[in-house]
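Everything below concerns the one structure shown next.
Nothing in this text is a laboratory measurement; each read-out follows from the coordinates by a stated rule. Just so we're clear, the structure is a prediction, and the values are computed from it rather than from any experiment. Virtual Cβ from ideal backbone geometry, glycine too; neighbours counted across all protein chains shown.
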Amino acid sequence: MSTTAKSTLFRDPASTESVRSILKVVILLTIAAAAVASRLFSVIRFESIIHEFDPWFNFRASKYLVKHGFFDFWNWFDDRTWYPLGRVTGGTLYPGLMVTSGAIWHALRMISLPVDIRNICVLLAPGFSGLTAFATYLFTKEMKDSGAGLLAAAFMGIAPGYISRSVAGSYDNEAIAIFLLMFTFYLWIKAAKLGSAMWGGLCALFYFYMVSAWGGYVFITNLIPLHVFVLILMGRYSGRIYVAYSSWYALGTLASMQVPFVGFLPVKTSEHMAALGIFGLIQLVAFVDYLRGQVPSKQFNTLLRALVILITVISFTGLVTLTVTGVIAPWSGRFYSLWDTGYAKIHIPIIASVSEHQPTAWPSFFFDLNMLIWLFPAGVYLSFRQLRDEHVFIIVYSVMASYFAGVMVRLMLTLTPIVCVAAAITVSSIFDTYLEIDSPEEPEEDSESKKAKKDKKETGGFLSSKAPFIGIYSITSKVGVVGAFSVYLVLFVFHCTWVTSNAYSSPSVVLASRMPDGSQHIIDDFREAYYWLRKNTAEDAKIMSWWDYGYQIGGMADRTTLVDNNTWNNTHIATVGKAMASREEVSYDILRKHEVDYVLIIFGGLLGYSGDDINKFLWMVRIAEGVWPAEVQERKFFTPRGEYKVDHEATDTMKNSLMYKMSYYKFPSLFPPGQAQDRVRGARLPAEGPVLHTLDEAFTSENWIVRIYKVKDLDQFGRDHFAVSAFESGKKKGKKGGMAGRAPGKRGRRVVRA
Amino acid sequence: MRSSNSRVSLLATLLLAASHLGLSLDVPPVYKNTNLLRTIDASKAYVKETIAVIIENISHQPQTEYYLPLLVSGSSAVSYVECKDKKDGTPCTAEAVDDASEYPLQYYKITLPKTLKPSDQITLAVTAGITGALTPVPAVIGQSDKQFLSYTGAKFVPSPYFTEKQKTKFRAANGEIPDYTIHELTEKSGYIVTYGPYDNVEPWKTDAQVDEITVRFEFTNPIVFMEKLERDIEVSHWGNNLAIEERYWMTNNGAKLKEQFSRLSWATTAYYNPPTAAIKSLLFPLRVGSKDAYYTDEVGNVSTSKFRSDSREAILDIKPRFPIFGGWNYSFVVGWNNDLPAYLRHGEGDGYILKVPLLQGPSQSTSYGKVEVRIILPEGATNVKYVSPITIHKEEQFLHKTFMDTIGRTSIKLTIDNVVDELKNRDIIVTYDYSTLAALRKPLVVLGSVFSLYIVTAILGRIDLSIGK
């Protein structure tokens, strides 16, 4: 490839080959170092800590893996989550991530480097981002040349769209999955180019690794068949494609079925049917191709083409029939929400309630990709100009990923690599053109020679061969364009650093604020409360909280939870939602039946922490309403004017809900009478706070962010708790009256006589 | 001394074999206590009992051994006993006698600093730390209530000898003493309750009625109890560094909370900073020159700590994540580094002498259930010997394998049960041999492995694996 690149500084490519390769290695290493370094903001600013929610589960699972070994991990039944159901964790997770860090842990032990598993988990994502940059380099090199490859690697290394999911501590499946995605695609391009079963097999191997690591493997499962399909439609079927696809599909599918969580899905669900269909189609096409070789007749050819289309239509109809009859599982809810963004909100509130499943807002494209987003279409256009088989892949990938990134914020992640690649091709082409120091002397002659050269090199392109070569004559325009792009690139680096530093480097477990003197003040309420639970509650205490905090409680407090971020059982989550949204009488029954010892809620009213449970409350109500429409109604939580209020205008249903009571219990007493203020919702609260009958406040963190309540035991005399509290308050009043005038309590010295 | 441990057990075995398995040890009445003053100091989270006694040899032979039993009833246990000649300060040894008696008396055999001739006198000062002797009464209190502790002990020292005159002084933490047993000659002034002086007290008889004294007094501090402390002292010759890490499992043995914890009242009273029975912070006075202090727990770094180190002092001030009320637990890790030269001397030949504090710890009065000190010496150190300032209950030598080690670092683990902070900041002296070759082991191993890796890669790179040409 490097021979096609026009050398500007080194006139003789042969003699400078070794210098170039050393330079490439050095540049790639520097890019990898920059990629790792830019992800370390949170470690330097805070500490080596696991971030957010899901990573806490992955971390816990990794700890389990290194402690109990691989086979125990495989058969892990976790009775400390989803109480009382438990979770077959070993069979319902993608083990790739944990196995990777476990393997690293063991490898380091082997060379006598006993690194803590936490540090491996924290630094896994930055480490793999270096590898991703390398994989992007390889991929782009296949598309254009190594110059574009280096640019793409640099873009990939620092693009915020990827950094957002791979900062140190963000120990999630995506941490390794994007590397695997790019590397699998690279291997696929290589296989398709060479028509080599070995590369196809390698591609299948990495596809297997990807399947074991991330649910997003379905993207590969559909994109590669789509690429093949488009190539066939373009009449570019070749033996190379056949060998590459067949070896990839057969090996990759068999390998992917070894992951317990995937199992027979590749032959049973709609998401995987495209790959299977293309596999059948390519066999037909191969057969037709063979026949065409034997019978060179145009009419026969047309007939065969019609036959192929017919068979496609028939098999598609068959697929639809099988899906309707239920032999093949229909699209899952998450996939429906990819086609219809409003679908989840109506049918599956639990999916819609996750912020990363929301449609993407326009500014976030610019925020996450900055200048790459406007270089991206140019890169796609350049791909059209050359349009070799691999360029078709870029185009297909671009179209698909752009759509998905528009539908779901989270899928910005899959768009980022192709944007980096396309933008790198654009910038590289611009530099190729404008960095040519010599101006072309004779346009005709030059273009003729170039044309000849290109015709020789490029087999697949048809537009490119017709395009005349046009050089740049004026030095001013060269300097201008190159200068402008250099400035853009520098600005891009600044933007990436700024975004990474400001938006993506907060662990969210620890909050930072500034003291009046400018020094950093750490708000550590989550860990305070979780650690309290860990140290001062019974080992087998059951904690009920909204599912967002399930993984964190499991990871930090090490206590049994009712629901967690795995969200596999909607009814169970709805039960928790109902307990939170109902009156105390109803809730207490639910709590007792689930043997709940403590209820944990997040309340941001004192500090102005907006991600608290009152703000998430409507989702709890909606999810509960989905299961018990008669008992929980969202409408009742709104004022007659349709407002969601927590102050004195709040509806009775709201005021009597357990969540409201737990959030504001004793809160108004913190302020002078009548001054109680909820800083998140900017509401002035009623002077008298809610009264709890069936729960006791057990712990409240320093800034009141986490509040833990202990569920009262049954009354010793068999009364209900409302009667008890009524009796006690009555008695207290009576006692006060009876003892009026007497000094309360007994004070003074009492002496024991021997 | 390494042998001290085995000597104690040997002695105990011999004594056990020699003495009949009776109710108490049979002590020959060869002394008379001329004057005995006992001070029970309960101002800390444990009891410190000091007995100053003038003894006289009333037998006809010169004597060297004096027996002193301590009353350990219920959950209490003796942490340490130390003794010295009160006049010139000569220390003498006090060793526990395992007499298997049923009555809660723990005998200590004191070897006098000098042989006592007949009718000679000597003044002994015996100090004992007793843990678990203080119980909160009432056992549960409100969050902002005062905490009271109760001490129960014998009115007289259970001495096996005749005592002409004895007096007991009980020193409470402050003047608020709501209850105390009143015998004849009982007097309270300020924070001291005095019993005696009593004349002509007969030797202790096991079956006689015990006159007890009970004092209940206010205790405004938490009762810090470390169930376990693991202390690592790691010597690095290459890094020229002495790294110390301490892992604590802490609990507050004070009165438990009556209700659940109320953040509201905690936050509203925090403004006045009232005395509380909860552990709010711990102050670790470190040796001068300590640096790079850290404070973490099982869920990561704790940001509420301050560390100050200058030429005069080094202080690590830590705040637990939450206030530790009675019965609450908390575990944490603190660590710091020191420059090695201040603690290590090069002896003869390959010999090195290390002198480090065996125990450090918070400045608040603290008792420890179990302390494990691991001294990790460099890889390849041999001939390890130590001299301990306090009795070691269990000793273990092992290899600690960590960063880039091939055989592991020579380490010793010293286990001490039931320690009080009176014993902290005493230096242990460790001597070991460490040759230059052992010091060069690690760089050579790393060099060798990198080089062999290079050779293997070079060879593998030259193998042609392609099928057909």
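Summary value for region A:498-608: 21 percent relative contact order, contacts being C-alpha pairs under 8 angstrom separated by 6+ residues. Decide, for region A:505-643, between rounded, prolate and oblate: order the square roots of the alpha carbon gyration tensor eigenvalues as a ≥ b ≥ c, take rounded if a/c falls under 1.5, and otherwise choose prolate if a/b is larger than b/c, else oblate. Note, shape of region A:505-643 comes out oblate. A DSSP coil position with no more than 13 other Cβ atoms inside 10 Å describes the following chymotrypsin sites (Phe, Trp or Tyr not before Pro) in region B:271-330: B:TYR271, B:TYR272. What angle do you read, to the nearest 10 degrees and between 0 and 90, between the alpha-carbon axis of helix A:475-503 and the longest principal axis of chain A? Value to nearest ten degrees: 20. Using the Cβ-Cβ distance between A:GLU631 and A:ASN569 with R0 set to 22 Å, the FRET efficiency from 1/(1 + (r/R0)^6) comes to roughly 0.75.
May I ask for the angle, rounded to the nearest 10°, between helix B:436-462 and the longest principal axis of chain B, with both axes built from Cα atoms and the value confined to 0 to 90°? The two axes meet at around 30 degrees. Diffusion coefficient of chain B by Stokes-Einstein, Kirkwood radius over Cα pairs, 4 °C, 1.567 mPa s: 51 µm²/s.
Placing a label point 7 Å from the Cα of A:ARG592 along the Cα-to-Cβ direction, the residues of region A:702-726 with a backbone N closer than 18 Å are A:710-726.
Between A:ASP713 and B:ASN240, the simple label model (points 7 Å from Cα in the Cβ direction) yields a spacing of 6.2 nm.
Is the C-alpha gyration tensor of region A:17-335 telling us rounded, prolate or oblate? Criteria: a/c under 1.5 is rounded; beyond that, a/b larger than b/c is prolate, otherwise oblate. It comes out oblate by the Cα gyration axes. Please check which bits of region A:607-630 a label hung off B:TYR271 would reach, taking the label as a point 7 Å along Cα-to-C-beta and the cut-off as backbone N under 19 Å. Under 19 Å, as judged by backbone N against the label point of B:TYR271, lie A:607 of region A:607-630. Translational diffusion of region A:525-728 was estimated from the Stokes-Einstein equation, with Rh taken as the Kirkwood radius over Cα pairs; at 20 °C and 1.002 mPa s the coefficient is 125 µm²/s. With each label modelled as a point 7 angstrom along the Cα→C-beta vector, the A:SER725-A:SER501 pair spans 5.0 nm. For a bin width of 10 Å, list the pair-distance distribution of region B:224-443 built from all Cα-Cα distances, rounded to whole %. Calculated over all Cα pairs of region B:224-443, the distribution is 7, 31, 32, 19, 8, 3, 0 percent. A straight line joining the Cα centroids of region B:396-469 and region A:499-544 runs 37 Å. Is region B:165-223 best put as rounded, prolate or oblate by its Cα gyration tensor, with a ≥ b ≥ c the root eigenvalues, rounded for a/c under 1.5, and otherwise prolate when a/b is larger than b/c, oblate when not? Here region B:165-223 falls in the prolate category.
Rg/Rh, computed from the Cα trace of region A:581-635 with Rh as the Kirkwood radius, has the value 1.02. Neighbour counts of other Cβ atoms within 10 Å put A:VAL510, A:VAL493, A:VAL691 in the fewest-to-most order A:VAL691, A:VAL493, A:VAL510.
Quick check for you: which residues of region B:225-243 have the amide N under 19 Å from the point 7 Å beyond the Cα of B:SER435 toward its beta carbon? Under 19 Å, as judged by backbone N against the label point of B:SER435, lie B:237-238 of region B:225-243. Here the scattering of chain A is modelled by Debye summation over its C-alpha atoms, one equal scatterer each and no solvent; at q = 0.06 Å⁻¹ the log10 of I(q)/I(0) is -0.47. Dividing the helix sum by the residues of the protein assembly as shown, where each DSSP H run of 4 or more adds -39500 (n - 2.57), gives a mean residue ellipticity at 222 nm of -13000 deg cm²/dmol.
The label-point distance for A:SER297 and A:GLN675, in a model that sets each label 7 Å from Cα toward Cβ, rounds to 9.8 nm. Using C-alpha pairs below 8 Å separated by at least 6 residues, the relative contact order for region A:17-335 is 16 percent. Projecting the Cα atoms of A:PHE667, A:MET400, A:ILE475 onto the dipole axis of chain A, where Lys and Arg carry +1 and Asp and Glu carry -1 at the beta carbon, places A:PHE667 farthest toward the positive end. For A:TYR504, the shell of other residues with beta-carbons less than 15 Å away shows a net charge of -1, using +1 for Lys and Arg and -1 for Asp and Glu.
Taking 0.890 mPa s as the viscosity and 25 °C as the temperature, the Stokes-Einstein diffusion coefficient of region A:611-709 based on its alpha-carbon Kirkwood radius rounds to 172 µm²/s. Over 28 Å between Cα atoms, which of B:LYS48/B:LYS109; A:LYS542/B:LYS258; A:LYS655/B:LYS280 qualify? Listed pairs above 28 Å: A:LYS655/B:LYS280.
Listed here are the pairs A:LYS24/A:LYS141; B:LYS84/B:LYS394; B:LYS155/B:LYS188; B:LYS44/B:LYS155; B:LYS32/B:LYS86; which of them are more than 19 Å apart at the Cα?
Numbers: A:LYS24/A:LYS141 12 Å; B:LYS84/B:LYS394 26 Å; B:LYS155/B:LYS188 15 Å; B:LYS44/B:LYS155 21 Å; B:LYS32/B:LYS86 17 Å.
Violating the 19 Å limit, Cα to Cα: B:LYS84/B:LYS394; B:LYS44/B:LYS155.
By the compact-protein rule of thumb, 2.2 N^0.38 Å, the alpha-carbon radius of gyration of region A:564-678 corresponds to a ratio of 1.08. Taking every alpha-carbon pair under 8 Å whose residues sit at least 6 apart, region A:525-728 reaches a relative contact order of 22 percent.
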